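The values are calculated or read from the model by the stated rules, or taken from the named source; none is laboratory data. Computed from a predicted structure; not experimentally measured. Because the Cβ atoms are built from the backbone with ideal geometry, glycine has one as well, and the counts that use them run over all protein chains shown. Remember, those area values only see protein heavy atoms, side chains included, never the ligands or the DNA or RNA. Shrake-Rupley method; radii C 1.70, N 1.55, O 1.52, S 1.80 Å.
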Amino acid sequence: MIAELVISSPVGGRITNEPERVRSRVLVTGVVQGVGFRPFVYSLARELGLSGQVGNTAAGVVAEVEGPAAAVAAFADRIDTDAPPLAVVSSVTPQPLPPLGGTEFTILDSTAGAGRTLVSPDVATCADCWAEFADPSDRRYRHPFISCTNCGPRFTIITGLPYDRPATTMAGFPLCPDCAREYADPADRRFHAQPIACPACGPRLRLSRPGLETTYDEDALAGAHGLLVDGAILAVKGLGGFHLVCDARDQAVVTTLRKRKDRGDKPFAVMAADLETARRIAVVDAAEEELLTGPRRPIVLLRRKAGAAVAEAVAPSNPDLGVMLPYTPVHRLLFDRPGPRVLVMTSGNLSGEPIVTTDDQAMIRLAGLADAWLGHDRPIHVPCDDSVVRIVDGRELPVRRSRGYAPFPIDLPMPVRPALAVGGDLKNTFCLGDGQYAWLSAHVGDMDDLATLQAFERAERQLEELTGVRPEVFVTDKHPAYRSRQWAQLNAAGRPVVGVQHHHAHIASVLAEHRHQGRVIGFAFDGTGYGDDGAVWGGEVLLADFDGFVRAAHLRYVPLPGGDAGVRNPCRMALSHLRAAGLPWDPGLPSVRACRRPELELLEAQLDKDIACAPTSSMGRLFDAVSSLAGVCHRAGYEAQAAIELEGLISSDRELGAYEFAVTGDEIDPAPVLAGVVRDVLTGVEPAVVSARFHQGLADLMVTLSDRIRGTEGLTTVALSGGVFVNKILLLATTRALTGAGFTVLRPRRVPPTDAGLALGQLAVAAHH
């Protein structure tokens with residue numbers, strides 16, 4: 001209802017009614033900087049007839065609006081409901097102020113100060129910019145760095161807050177008069193678009209080749225096209241680092257790249273020129289199409305089509321392809337001439353090293369990998385790899401959370417004190433938390449390499465700067481040899497360092513992202529995690545909440561012969577499992593045939609005398625064993641290769657039966673499963689059938705255990721986490737079976753189930769201690 005002020009006129013006794021005038025200060029928090037929020041506020045205020053001002057602060061966007069009470073109230077409502085496409089409004093807090101009068105609405109310069117705002121991830125070029133890019137009459141026609149407030153780089157170019165051009169890596173590019181006019185016009189789509197540029201004032205492409213003159217812009221693009229057609233490997237600078245790029249149809253050049261990069265058989269991602277091309281090489285459903293074409297543009301794991309024009313060397317022995325579409329103008333320009341329509345697009349690094357971000361480092365570190373370098377002079381402040389996602393039952397399952405997602409925070413179910421959780425050593429990400437927010441970093445990588453540790457430190461400093469979090473406590477995995485834990489201990493400077501058990505952190509990560517309070521039945525299935533008894537855990541059934549956990553059941557311990565050597569050789573893990581199950585090493589088994597006599601003798605001695613054999617309950621190692629027994633993978637060139645190839649054999653969901661686990665007390669015995677696998681393999685059953693029966697048997701086991709725990713503990717919510725649940729077949733079968741049995745299933749939706757999600761769980765557990 002509009003309040004009215006009644007004014008009596010001293011002349012003629014006439015009475016007039018005017019709406020009451022009020023003023024309000026409105027603080028808006030969330031992702032509200034660098035996304036066109038101030039011009040949106042400006043337009044909204046003018047539409048409602050309000051005077052006042054709006055500006056960026058370190059706390060968020062602050063608007064003061066004045067006018068009729070109804071219009072001011074409508075402003076506070078619509079600032080959330082009508083926000084720009086890339087904005088994510090966390091809160092709108094109005095505060096009444098005394099009216100000041102005035103008729104104008106102005107946009108203020110940004111101010112620093114206490115508080116916190118959220119930074120947008122890097123996002124793909126928007127439809128409006130693509131239209132200009134393709135228009136020969138537009139001054140940004142074919143401009144490699146076209147962007148606006150609705151798209152382009154954010155996270156990777158920000159050097160400080162508030163988010164304004166001087167606090168980005170675009171600070172070194174003075175605006176030309178045309179760009180300056182757009183930047184200053186609140187009615188323009190590029191008002192305060194910090195990456196704004198055009199051919200007259202923006203960054204430039206350059207192509208460098210050993211022994212040849214550097215070329216620029218269109219000449220650089222023409223040279224790059226010619227090299228790709230001729231079978232060369234290019235290093236191409238993207239938003240968050242360099243890619244190594246080559247023709248995905250060319251078996252010889254893809255094989256060369258694989259050797260140069262020391263990639264083993266690990267699949268490469270590819271970039272298709274457009275959605276039509278992607279559909280020619282892979283099966284794409286509606287949810288996958290939405291991911292491929294949306295603003296985040298991750299790599300999407302898709303089922304490869306038979307006869308797809310992609311070299312076998314792109315993804316050896318793997319039915320899936322990691323596919324993405326162009327998300328920057330530079331990528332689009334790689335496809336604008338006759339030539340390959342599908343390109344290998346893999347991180348610019350040697351395997352195990354962090355992605356290269358600077359042109360100088362690219363010329364050095366990629367010298368043995370690339371034949372030429374297509375770079376540019378816009379600096380990348382922080383590395384950010386491509387994200388990887390797969391769709392399971394219509395829902396996202398993140399495999400790697402990075403570009404397009406980081407550093408957007410997770411809303412926590414409880415407040416946390418300022419803390420840094422450093423994650424694990426594989427697929428490392430770290431997490432800063434304070435209050436209700438947790439900020440997961442972009443993908444850092446495996447902490448074995450000094451360069452990765454240095455990248456971790458740079459990324460941690462930058463995320464502290466952006467979030468304003470100054471950690472009062474460090475949180476780590478309990479593994480005493482983890483480099484992430486050692487780093488925290490060296491850098492804590494007197495602050496407490498809290499250890500969290502690996503698998504407890506996995507389950508807590510799922511609980512945190514679902515904002516779930518209370519105990520759950522937690523299945524934490526992975527390859528390796530340090531157990532509280534010093535063994536290698538990985539097949540764990542926990543009764544868990546944030547406060548702690550009870551180990552309700554676990555896969556029976558078997559020897560892990562030779563530690564990492566056992567992981568790299570699934571055939572050895574198969575023979576270890578057979579020995580533990582009391583089953584003979586039949587010469588007809590593929591696992592036995594894969595080992596030469598000296599290897600068999602050495603393994604037999606190791607197991608008999610317990611030499612260098614750590615006990616493990618790892619579900620990942622059981623997958624390795626079954627994969628090798630079925631003749632699928634005996635030697636692993638990358639993490640989880642044996643399990644990935646075993647999963648890849650299953651092409652339908654028809655019923656093929658299931659192997660049955662035995663459960664005694666708190667011990668899960670796989671001996672009956674192994675006996676079934678051996679029987680089937682020796683009688684000629686196809687590996688695909690063996691795989692299907694193993695997957696279904698594991699899903700059945702999880703329902704049986706959940707039913708038993710429901711009967712004793714009354715728990716009806718199940719949480720799934722750990723790297724094994726990247727497996728689409730298992731996740732789908734388990735979710736459907738548990739849901740059908742009356743359980744609520746919490747599975748990863750925003751945070752990977754792998755060790756890339758550990759840091760969030762570590763942070764959530766530490767908040768309760």
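Computed values, structure above
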{"read-out": "Residues (crowded, with 21+ Cβ neighbours inside 10 Å, β-branched (Val, Ile, Thr) and within 19 Å of SER617 (Cβ to Cβ)) located in the stretch 638-676", "value": "ILE668, VAL673"}
{"read-out": "Of all residues making up the stretch 503-524, the number that are in a helix (DSSP H, G or I) and β-branched (Val, Ile, Thr)", "value": "2"}
{"read-out": "Scan of the stretch 188-208 for residues that are more than 29 Å from the chain's Cα centre (by Cα) and modelled with pLDDT of 95 or more, ordered by number", "value": "CYS198, PRO199, ALA200, CYS201, ARG204, ARG206, LEU207, SER208"}
{"read-out": "Counted residues, the stretch 545-579 - those being touching a His at 6+ places or on another chain (Cβ under 6 Å) and either over 21 Å from ALA605 (Cα atoms) or open to solvent by 40 Å² or more (accessible area, probe 1.4 Å) (or both)", "value": "3"}
{"read-out": "Any hit, the stretch 171-179, residues being assigned to a loop (DSSP other than H, G, I, E, B) and among the acidic types (Asp, Glu)", "value": "no"}
{"read-out": "Qualifying residues in the stretch 652-685 (those that are out of contact with any helix residue (DSSP H, G or I) (no Cβ under 9 Å at 6 or more places or on another chain) and of a type in the set (A, V, I, L, M)) - the one nearest to LEU698 (Cα to Cα)", "value": "ALA675"}
{"read-out": "Tally, over the stretch 52-99, of residues that are touching a helix residue (DSSP H, G or I) at 6+ places or on another chain (Cβ under 8 Å) and without any contact (Cβ under 8 Å) to a residue 60 or more places away in the chain", "value": "13"}
{"read-out": "Test: residue in the stretch 597-610 that is open to solvent by less than 20 Å² (accessible area, probe 1.4 Å) and either farther than 20 Å from ALA630 by Cβ or touching a His at 6+ places or on another chain (Cβ under 7 Å) (or both)", "value": "no"}
{"read-out": "Residue selected from the stretch 364-383 under the condition surrounded by 24 or more Cβ atoms within 10 Å (Cβ to Cβ) and modelled with pLDDT under 95, by the criterion nearest to VAL245 (Cα to Cα)", "value": "PRO383"}
{"read-out": "Wholly within the stretch 681-769, helices (runs of 4 or more DSSP H) carrying at least 2 residues that are farther than 30 Å from LEU432 by Cα and free of Cβ contacts under 8 Å to residues at least 40 places away in the same chain", "value": "687-713, 728-740"}
{"read-out": "Number of the exception - ALA493 against (1) open to solvent by 40 Å² or more (accessible area, probe 1.4 Å); (2) at negative phi; (3) among the aliphatic types (A, V, I, L, M)", "value": "(2)"}
{"read-out": "Residues that are open to solvent by less than 20 Å² (accessible area, probe 1.4 Å) and in contact with an Asp or Glu (Cβ under 9 Å, 6 or more places away or on another chain), drawn from the stretch 391-402", "value": "ILE391, SER402"}
{"read-out": "Condition check for THR328: in contact with a strand residue (DSSP E or B) (Cβ under 7 Å, 6 or more places away or on another chain) and at pLDDT 95 or above", "value": "no"}
{"read-out": "Matching strands (runs of 3 or more DSSP E) fully within the stretch 383-502 where at least 2 residues are in contact (Cβ under 8 Å) with a residue 12 or more places away in the chain and more than 20 Å from the chain's Cα centre (by Cα)", "value": "410-421, 431-440, 473-477, 497-500"}
{"read-out": "Output for the stretch 713-726, where each listed residue is open to solvent by less than 10 Å² (accessible area, probe 1.4 Å), within 17 Å of the chain's Cα centre (by Cα) and either at positive phi or not aromatic (Phe, Trp, Tyr) (or both)", "value": "SER721, GLY722"}
{"read-out": "Pick from the stretch 332-364, criterion basic (Lys, Arg) and more than 25 Å from the chain's Cα centre (by Cα), ranking: nearest to MET170 (Cα to Cα)", "value": "ARG337"}
{"read-out": "Qualifying residue in the stretch 440-454 (condition: touching a His at 6+ places or on another chain (Cβ under 9 Å), surrounded by 20 or more Cβ atoms within 10 Å (Cβ to Cβ) and under 28 Å from ARG296 (Cβ atoms))", "value": "no"}
{"read-out": "Flag if VAL119 is at pLDDT below 90, open to solvent by less than 20 Å² (accessible area, probe 1.4 Å) and either within 17 Å of PRO326 (Cβ to Cβ) or not polar (S, T, N, Q) (or both)", "value": "yes"}
{"read-out": "Only one of ALA512, ALA524 that is touching a Pro at 6+ places or on another chain (Cβ under 8 Å) and of a type in the set (A, V, I, L, M)", "value": "ALA512"}
{"read-out": "Options ALA131, ALA184: the member that is surrounded by fewer than 13 Cβ atoms within 10 Å (Cβ to Cβ) and farther than 16 Å from ARG378 by Cβ", "value": "ALA131"}
{"read-out": "Pairs, first closer than 14 Å to HIS143 by Cβ in the stretch 216-228, second open to solvent by 10 Å² or more (accessible area, probe 1.4 Å) and not in a helix (DSSP H, G or I), C-beta under 7 Å, six or more apart", "value": "TYR216/ARG204; TYR216/ARG206; ASP217/ARG204; ALA220/ARG206"}
{"read-out": "Set PRO415, PRO409: member being surrounded by fewer than 20 Cβ atoms within 10 Å (Cβ to Cβ) and modelled with pLDDT under 95", "value": "PRO415"}
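Results for (1) open to solvent by less than 10 Å² (accessible area, probe 1.4 Å); (2) over 18 Å from LEU758 (Cα atoms); (3) among the acidic types (Asp, Glu), shown as yes or no for each residue.
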{"site": "GLU464", "(1), (2), (3)": "no, yes, yes"}
{"site": "GLY468", "(1), (2), (3)": "no, yes, no"}
{"site": "THR476", "(1), (2), (3)": "yes, no, no"}
{"site": "PRO480", "(1), (2), (3)": "no, no, no"}
{"site": "ARG483", "(1), (2), (3)": "no, no, no"}
{"site": "VAL497", "(1), (2), (3)": "no, no, no"}
{"site": "GLU513", "(1), (2), (3)": "no, no, yes"}
{"site": "GLY518", "(1), (2), (3)": "no, yes, no"}
{"site": "GLY531", "(1), (2), (3)": "yes, no, no"}
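Results for (1) aliphatic (A, V, I, L, M); (2) over 30 Å from ARG263 (Cβ atoms); (3) without any contact (Cβ under 8 Å) to a residue 60 or more places away in the chain, shown as yes or no for each residue.
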residue	(1), (2), (3)
LEU602	yes, no, yes
ASP608	no, yes, yes
GLY620	no, no, no
PHE623	no, no, no
